[in-house]
Every structure is written in C-alpha cells, then in structure tokens.
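Notes follow once the structure below has been shown.
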C-alpha cells in the first residue's frame, strides 16, 4: 500500500520518483517550485549532538538573567521565568501564558522528545510510543518561537538604551546559542527519522 | 503550462503525518497511513471554511490590535501609552533605523501581508482561478513561513514589563492591545495552516481531465524525476 520510492509535492500534489541526491542538493517540484526533499544534512549522531547542545543552551538561557537594568541607582534583572511570572501577574496574563508555552514548554518538550527518539534510533531500536512522539514533534514545531524571542530581547535592549543603562547578561547569550542550535536541528526533516525507523523495521523482519 | 502527473490521478495520497506516499484504497475514503497511523486525507479537512473563519476573526481582531495601546510607560512625571505603530515611530525618531525596519516588517507589514494575501488566495481558489498558480503557491509558502515572526512585539512587551519595575521612578504595564495583537498572530497562523494550497491546483487539473483519464492505467510511465537544484 505504501509507495516508498515516490514523492508527492505537499503544495500542488505532483508525483515524482525519488532519486538519490548528492551532498547539499535539494529536489524541487518542477510544477510549483516547492522543496520536495533534500540530501541528508546531519546523521542521527549529529542530530543527537545538536539536541544535547541545545539542552545545555536551554539550561543557560533559563537559569541566568537575560538582562539587567539600572536607573537612578537601583538595578533590576530578570531571567525567563521571572519575566513570565511578571506578565502572568500583570493585567495581560494570557500573553504571559503564550510566552511560557512558545519559549519554554514547547522548545523543552521538543528537545526532550528528540533526545528520546534519537538515542533509541541510534542503537537501531524503535522506542515505545515512537509514532506518538513523532506526531507531537511535528505539531509543536510551528509553535516553538525561541528565535523570535531572541529578536525580542534585542529590540527590548535597544528600546531601553535611551531610558536607562541596560546590560545583556548570560541568559541572552544562552538564547543566542539556543537559537543557532535549534535552527540547525530543525533544518533536518522528520521524514528522515521515519525512513530510518522503516529501515530498522525491515532489517529486523 | 507543462503538466506534471498528480497524485490524485493515480489514487495516491501523501500522509500529513510522515510524508509517505500511500495508495489509497479505492472504496475507502478514510484509510490510515500504514507507517504512522494518521488518517489519510486527500485534502486538508474543511480547508476553505476553516481558513476563512480564522482569517475573518484575525482581520476583526486586527482593528483593536492596532487602535488600542499595547503598553503604558511611566518615567517620573512622563506618562504615555504606546501603540504598535507609535513604537516603530519612536525607534525611527531615536535613529535606530535598522530595528525600526525590522519591527515594522514583523509587526505591521507581515500581518497585513498575511491577511490580504490569504484572502486573495482563498477567493481565487473558490473561483477556480488558473491565474499564476506557481506564484500563488510561492506566496502561500512565504506567508506560512513568516507567520510566527509577528510575535516579536508581544515578546518585547513581556520583557519590558518585567525589566522596567522601579516603582514610582519608571514602570511599564501591558494594555489590552497587546492581547488582541497576540490573538491576531495566533489566528493568522491557524488560518494559513488550515489552507490547503493543493486546492488551487485542483482547479487547474479539473480543466484538463480528458488528457489524464487515458494515462490512468500506467502511472509509472508519466512520472518524471524531480529536478535537482543546488541551493
């Protein structure tokens, strides 16, 4: 029932036969120009390395204060959770909840699930709940917004510059590193993990 | 326009969950993906209706999001409320042109672009238009990609509330506009996710059904190799 050597464009429904690609090549749909698939950008090991690196950056980004602000001899600094709690306590609690989901819970869940799936696939083992984990990863992807938050930190720092003396702290560097690593990790398609699981299944059968 | 064979012509369907190409059982409309168990659908469910619903809500909410102030700033005796637009103007006046352009793009240009172009795509699809299909698909890919960047201003407000807390000296408080704006971003994201760009191409394919019914017997013969291109 499954046609593994065929590719269907998700944007215009054209059908193609899959061919092997050389490094850095991308197969595009000749009808609408969308990307169909690309040559593998990272091995399972490299993806796992990116995941673990991202988890370290995530810890730094969350534990350390993002910035400190000094005005009239008083100073004030905040890390991500203080920022979230302050806005949950404010009159606009829903945006605090939105920030908590998109900058904390979704990225953290994504990273933990990636670590779980990748470490099992690496040892040629399909972990329990593989399908559920993969669906969760796919659905969470558009709602994880670490990179947008990072840009928000930059804009906030610049906006405060002419009001008070503001210093970006370690949390900001944590977010910068996390943004970079997550971007690299997300440039790998989830379908590569599905294909890997298929190969493990057919090898053991 | 050159015609590429389409999955629908061969009873093939691409799984939304894992991108696998699956041959759909002939009588059974709603099969399941053999690899990931996701229900197989030829097109996204109620795509146009859902997309319109999210888009109209977003467009309505866009009015308070821009008219209402998003935050209240207090510095000694100086108190003012700022809207999305006045925030951009302030950055520009302070000479931070690059950031002013980035914030303008993320907060004002992108939401308008999304709402207007998605409305055009929806109307054109409903009218079965064949007009510039390739470019329309490209526009859809762009608005789907840039959607979440509009959350920028919401995050800026969240950060300012927390950092600027100096009692009577300086204080930033959120105002209702920021919630409306966050709502607009979420709704436009849902609207573009619900839209199925393949519906645009269906109109194009339906116009040429005669040419394709003949090839139904031998699908392999018509399949071409994807054009590989260096990035």
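The values are calculated or read from the model by the stated rules, or taken from the named source; none is laboratory data. For clarity, every value in this text was computed on a predicted model and none was experimentally measured. As a convention, Cβ positions derive from the backbone with ideal geometry for all residues, glycine included, and neighbour counts pool all protein chains shown.
Which of the residues spanning the range A:179-195 are part of a helix (DSSP H, G or I), at pLDDT 90 or above and within 17 Å of residue A:42 (Cβ to Cβ)?
Passing the criteria: A:180, A:181, A:182, A:183, A:184, A:185, A:186, A:193, A:194.
When you go through A:160, A:169, A:180 one by one, which is the residue that is out of contact with any helix residue (DSSP H, G or I) (no Cβ under 6 Å at 6 or more places or on another chain) and within 9 Å of chain B (Cβ to nearest Cβ)? Spell out the reasoning first.
Numbers: A:169 fails: within 9 Å of chain B (Cβ to nearest Cβ); A:180 fails: within 9 Å of chain B (Cβ to nearest Cβ).
A:160 is the lone residue from the list that is out of contact with any helix residue (DSSP H, G or I) (no Cβ under 6 Å at 6 or more places or on another chain) and within 9 Å of chain B (Cβ to nearest Cβ).
Only one of A:156, A:92 is in contact with a strand residue (DSSP E or B) (Cβ under 7 Å, 6 or more places away or on another chain), farther than 21 Å from residue A:181 by Cα and either modelled with pLDDT under 95 or surrounded by fewer than 17 Cβ atoms within 10 Å (Cβ to Cβ) (or both). Can you tell me which?
Numbers: A:156 fails: in contact with a strand residue (DSSP E or B) (Cβ under 7 Å, 6 or more places away or on another chain).
Exactly one residue qualifies, and that residue is A:92.
Report yes if residue B:22 is under 28 Å from the mean Cα position of the chain (by Cα), outside the structural domain of residue B:124 (by TED's automatic domain parsing) and surrounded by 14 or more Cβ atoms within 10 Å (Cβ to Cβ), otherwise no. Step through it out loud before you land on a result.
On the way: under 28 Å from the mean Cα position of the chain (by Cα): yes; outside the structural domain of residue B:124 (by TED's automatic domain parsing): yes; surrounded by 14 or more Cβ atoms within 10 Å (Cβ to Cβ): yes.
The answer is yes for residue B:22.
May I ask you to list the residues in the range A:183-205 that are in contact with a helix residue (DSSP H, G or I) (Cβ under 8 Å, 6 or more places away or on another chain) and over 20 Å from residue B:14 (Cβ atoms)? Break it down stepwise before answering.
Step one: filter the range A:183-205 for residues in contact with a helix residue (DSSP H, G or I) (Cβ under 8 Å, 6 or more places away or on another chain), giving A:183-186, A:188, A:190, A:193-194, A:196-197, A:200.
Matches in the range A:183-205: A:183, A:184, A:185, A:186, A:200.
Looking at B:191, B:214, B:170, B:221 in this structure, which one is at pLDDT below 95 and assigned by TED's automatic domain parsing to the domain that holds residue B:122? Show your work before the answer.
Values: B:191 fails: at pLDDT below 95; B:214 fails: assigned by TED's automatic domain parsing to the domain that holds residue B:122; B:221 fails: assigned by TED's automatic domain parsing to the domain that holds residue B:122.
Answer to the selection: B:170.
For the range B:128-143, name all the residues that are touching a helix residue (DSSP H, G or I) at 6+ places or on another chain (Cβ under 9 Å) and at pLDDT 90 or above.
Hits for the range B:128-143 are B:136, B:137, B:139, B:140, B:142, B:143.
When the residues of the range A:122-145 are narrowed to those that are within 14 Å of chain B (Cβ to nearest Cβ) and in contact (Cβ under 8 Å) with a residue 60 or more places away in the chain, which ends up surrounded by the most Cβ atoms within 10 Å (Cβ to Cβ)? Let's see the steps before the verdict.
Kept after step one, since they are within 14 Å of chain B (Cβ to nearest Cβ), are these residues of the range A:122-145: A:126, A:129-145.
When the remaining residues are screened for being in contact (Cβ under 8 Å) with a residue 60 or more places away in the chain, the result is A:126, A:130, A:134.
Working: A:126: 16, A:130: 18, A:134: 22.
My answer is A:134.
I need a count of the residues in the range B:154-191 that are more than 8 Å from chain A (Cβ to nearest Cβ) and either without any contact (Cβ under 8 Å) to a residue 12 or more places away in the chain or more than 15 Å from residue A:96 (Cβ to Cβ) (or both). Don't jump to the end; show me each part of the working.
From the range B:154-191, those more than 8 Å from chain A (Cβ to nearest Cβ) are B:167-168, B:171-172, B:177, B:180-181, B:183-185, B:187-188, B:190-191; that's our starting set.
Going one step further and asking which of them are either without any contact (Cβ under 8 Å) to a residue 12 or more places away in the chain or more than 15 Å from residue A:96 (Cβ to Cβ) (or both), we end up with B:167-168, B:171, B:177, B:180, B:184-185, B:187-188, B:190-191.
Matching residues across the range B:154-191 total 11.
Please determine whether any residue of the range A:91-102 is away from chain B (no Cβ under 14 Å), touching a helix residue (DSSP H, G or I) at 6+ places or on another chain (Cβ under 9 Å) and not in a helix (DSSP H, G or I). Give the steps one after another, and end with the answer.
As a first pass, look at the range A:91-102 and keep what is away from chain B (no Cβ under 14 Å): none.
No, every residue in the range A:91-102 fails to be away from chain B (no Cβ under 14 Å), touching a helix residue (DSSP H, G or I) at 6+ places or on another chain (Cβ under 9 Å) and not in a helix (DSSP H, G or I).
Could you tell me whether the range A:64-76 includes any residue that is on the phi > 0 side of the Ramachandran plot and assigned by TED's automatic domain parsing to the domain that holds residue A:199? Break it down into steps so the answer makes sense when it comes.
So in the range A:64-76, the residues on the phi > 0 side of the Ramachandran plot come out as A:72-73.
Checking the rest, the ones that are also assigned by TED's automatic domain parsing to the domain that holds residue A:199 come to A:72-73.
Looking through the range A:64-76, at least one residue is on the phi > 0 side of the Ramachandran plot and assigned by TED's automatic domain parsing to the domain that holds residue A:199.
Could you pull out the residue among A:114, A:149 that is within 11 Å of chain B (Cβ to nearest Cβ), buried (at least 22 other Cβ atoms within 10 Å of the Cβ) and closer than 25 Å to residue A:49 by Cβ?
Working: A:114 fails: within 11 Å of chain B (Cβ to nearest Cβ).
On inspection, the qualifying residue turns out to be A:149.
Against the condition closer than 30 Å to residue B:185 by Cα, touching a strand residue (DSSP E or B) at 6+ places or on another chain (Cβ under 7 Å) and in the same structural domain as residue B:191 (by TED's automatic domain parsing), how does residue B:69 come out, does it pass? If you could, list the steps in order and put the result at the bottom.
Values: closer than 30 Å to residue B:185 by Cα: yes; touching a strand residue (DSSP E or B) at 6+ places or on another chain (Cβ under 7 Å): yes; in the same structural domain as residue B:191 (by TED's automatic domain parsing): yes.
Criteria met by residue B:69.
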